[in-house]
Each structure stands twice: as C-alpha cells, then as structure tokens.
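Computed from the coordinates by the stated procedures, all read-outs in this text should not be read as laboratory data. The model shown is predicted, which means the values in this text are computed figures rather than measured ones. Don't worry about glycine lacking a Cβ; one is built from the backbone with ideal geometry, like all the others, and counts go over all protein chains shown.
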Amino acid sequence: MAQVTMSLSCSLSPSPSVSLSLFLFSIPLYISGFPIESTAGCLGIQTIVLPAAETDKDVAAFGKHLISDTSWISHLHYLRRSLCLCSRERMATFATAEACDSNTALLASGELRALEPIFKIYGQRRAFSGPIATLKVFEDNVLVRQLLETRGEGRVLVIDGGGSTRCALVGGNLAQSAQNMGWAGIVVNGCIRDVDEINACDIGVRALGSNPLKSNKKAVGDKHIPINIAGTFIRDGEWLYADSDGILISKMELSI
Ligand SMILES: O=C([O-])CC(=O)C(=O)O
Ligand SMILES: [Mg+2]
C-alpha cells in the first residue's frame, strides 16, 4: 500500500473543493461513492472539485470522511499510469505529452521547447525533472566532476559536449556521485561509459550513446552559460522535464 500523508483544506470558492496534500507524489484520483467531477494533479497537491456540494457543510463532511475513513486510499484509480510507490520517483505522474497538450501557448511562445529526439535513456529514473545547471565542455570532463561533487538539490545537469561521441563525459563514478549529492538527472550531448553502473544509479541519464574511451582531464569549459543542444537553446535555471517520450525545457516550473 502506498504510504500517504494527507493534509486537508476545504473551500467553497471559487468552486467547492477539497485539497489533499499527498506525500511525495500526486495522482489523478476518483473516490467511489462521491460525486467527484474532475481532478487536477500537481506535485504534492490534489484539488478535487465536488460539483454536488453546495454548502461548506458538504465539503467539510467529505473532508471528514477522508480523514476518518482511510479506506479511500484503496479507492484510488490510477488513470494515467500505475503509481510508482518508490518515494524517490518524483515524477510518478508527470507526462511530457500531457504538458505539451495543456501548454500550447507556452509552446507557441517558445517558453516551452522539446529537445530533438537524439538521446538514449539510462539510469533508474525514466522520468525526472528539475532546475537546470548548464555546462559546456568538449571531450573533457573535469568540470563535470566538479559540479557533480557539489550538492545537486534536485537539479538536472545539462552538458553540452558539442555532440562528440569520441569519448565519455560521464561514467559510473560520476553517476554515483550525482546520486549521492542529490542530482535528479544528467543530460549529455555526448557519450557516457560504465553503462551498467549508471543504469544501477537512482538518477535519470540521457546521452547520445556510450563510448569506453575516457575524456581529457584539462579542466577546460564553462559552467552556467547558455547552451544550444538538440536544436534547443537552454539557459541555466530553466526547468527540464524528461520521461519516456522525450525531454522538455521550460522557462518556468510547470504546474501539472
Ligand atoms: O572518469 C571518467 O572519466 C568517467 C568515469 O569513468 C567514471 O565516472 O566512472
Ligand atoms: Mg569509470
């Protein structure tokens, strides 16, 4: 059973709703026996609109039921995909396709962009997201190590390696460091090595491919500068969303 911590707030305006804070994940949900019309999911918060509720009392009664009868948990129907119960899976329900469909204006304005599909998927987390730290290097990974040995705080390291496939910019040790230091993922416009070790790490990794050759160790490159990879301009501090369908870059954090 999912470990769920729930906090509740009820409100009648603008529409009768109950907000549930679900610990570490969010899922669209229906609860049987209640006239729930729609659900809205975003990380950590679920707002359930109760069309039949007309008074504060109705909403409060529903809220009370949720608190007193936790069997509602077993009534969850997972609509988009089965819920990953792993507490580290921060993007259990985020879907890049859905983000595109519901943010057409942002796509049109260029505030939301999709990377060209040139990356292979590695690492335990197929889906990951976070604020971006950019890095530009060429066949040299000293700066990659420097960054991955600092605290990641949920960020995604995006490395513009110039598209070179002649050596690896990330290997098993660096991926392990990224995991230990709290990075959500690494996107490499270049190659990785130690693929089996990387695939055992609890981070998301995207790269053009693998190459067993190591890179130079001259410490040449630039951190936190604008980069251009996979047909997309990326600035430090923008947000990255990756899942099995692809990779999105957003100027702002998306609320899905
Ligand atoms: O040392 C390197 O160049 C990359 C590597 O193999 C690792 O991180 O394990
Ligand atoms: Mg290695």
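Close amide H pairs (under 5 Å, H built 1.01 Å from N) link Gly162 with Val137, residues at least 5 positions away or on another chain. Over all other residues within a Cβ to Cβ distance under 15 Å of Gly172, the charged ones net out to -2, with Lys and Arg as +1 and Asp and Glu as -1. The simple Förster model, with R0 at 30 Å and r as the Cβ-Cβ distance, assigns Cys100 and Lys223 a FRET efficiency of 0.50.
Using the Cβ-Cβ distance between Ser244 and Val142 with R0 set to 35 Å, the FRET efficiency works out to roughly 0.65.
Just so you know, the Rg over Rh for the range 96-250 is 0.95, from Cα atoms, with Rh as the Kirkwood radius. Straightening the chain between Leu213 and Ile121 buys 31.2 nm, computed as 0.36 nm per residue apart minus the Cα-Cα spacing.
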